[in-house]
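For reference, the structure is listed below as structure tokens.
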Amino acid sequence: MSLTDILSPSDIAAALRDCQAPDSFSPKKFFQISGMSKKSSSQLKEIFRILDNDQSGFIEEDELKYFLQRFECGARVLTSSETKTFLAAADHDGDGKIGAEGIDHFKHR
């Protein structure tokens, strides 16, 4: 399964266009524009599985900086500041990684 099986390619493209400039990425806004905020918890878990590059069950900081590239190969890498802000917003237990529940959290924000 791919992200375009769950999300509209045009919504993904619009979300990526919105955050092209360095330090312009907002997880909340990206989730809204891409349509992720409208998906069910089970669909978000599937998206999480696709985004979890090493299939560890978590998205760590090293994976998170490539978040946008998981949606489109040519997308930019998140800046250090964006990565840290995203991680802080979704890492509820402070272990330095995001579980599926962290991604689901943005649905309700």
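Some observations on this one:
- Within the accessible area of the chain (1.4 Å probe), percent carbon and sulfur: 48
- Summing charges over all other residues whose Cβ lies under 14 Å from the Cβ of S81, with Lys and Arg as +1 and Asp and Glu as -1, gives 0.
- Per DSSP, loop GluC sites (Glu not before Pro) in region 1-100 with at most 15 further Cβ within 10 Å: E72
- Once Rg and the Kirkwood radius are both taken over the C-alpha atoms of region 3-106, their ratio Rg/Rh works out to 0.91.
- Multiplying the residue separation of S56 and A88 by 0.36 nm and removing their Cα-Cα distance gives an extension gain of 9.6 nm.
- Protein heavy-atom accessible surface, 1.4 Å probe, per residue over the chain: 52 Å².
- Near T79, the amide H atoms lying under 5 Å from its own belong to D23; only residues 5 or more places off or on other chains count, and H is placed 1.01 Å from N.
- Applying the Karplus relation 6.51 cos²θ - 1.76 cosθ + 1.60 with θ = phi - 60° to region 77-90 yields 3J(HN,Hα) values of 8, 5, 5, 4, 5, 4, 4, 5, 5, 4, 4, 4, 6, 10 Hz, where x marks Gly and Pro.
- Basic side chains Lys and Arg get +1 at the Cβ, acidic Asp and Glu get -1 at the Cβ, and with that the dipole of region 1-69 about its Cα centre reaches some 400 debye.
- Built amide H within the under 5 Å cut-off of I98, gap 5+: I59, E60
- Whole-Hz couplings from phi, Karplus 6.51/-1.76/1.60, listed for region 43-60; x for Gly and Pro: 5, 5, 5, 5, 4, 4, 4, 5, 6, 6, 3, 9, 6, 7, x, 9, 10, 8
The values are calculated or read from the model by the stated rules, or taken from the named source; none is laboratory data. Quantities reported herein were computed from a predicted structural model and do not represent experimental measurements. A quick note on method: Cβ atoms are made from the backbone with ideal geometry, for glycine too, and the neighbour counts reach across all protein chains shown. These area figures cover heavy atoms from the full protein model, side chains too; ligands, DNA and RNA do not enter into them. Shrake-Rupley method; radii C 1.70, N 1.55, O 1.52, S 1.80 Å.
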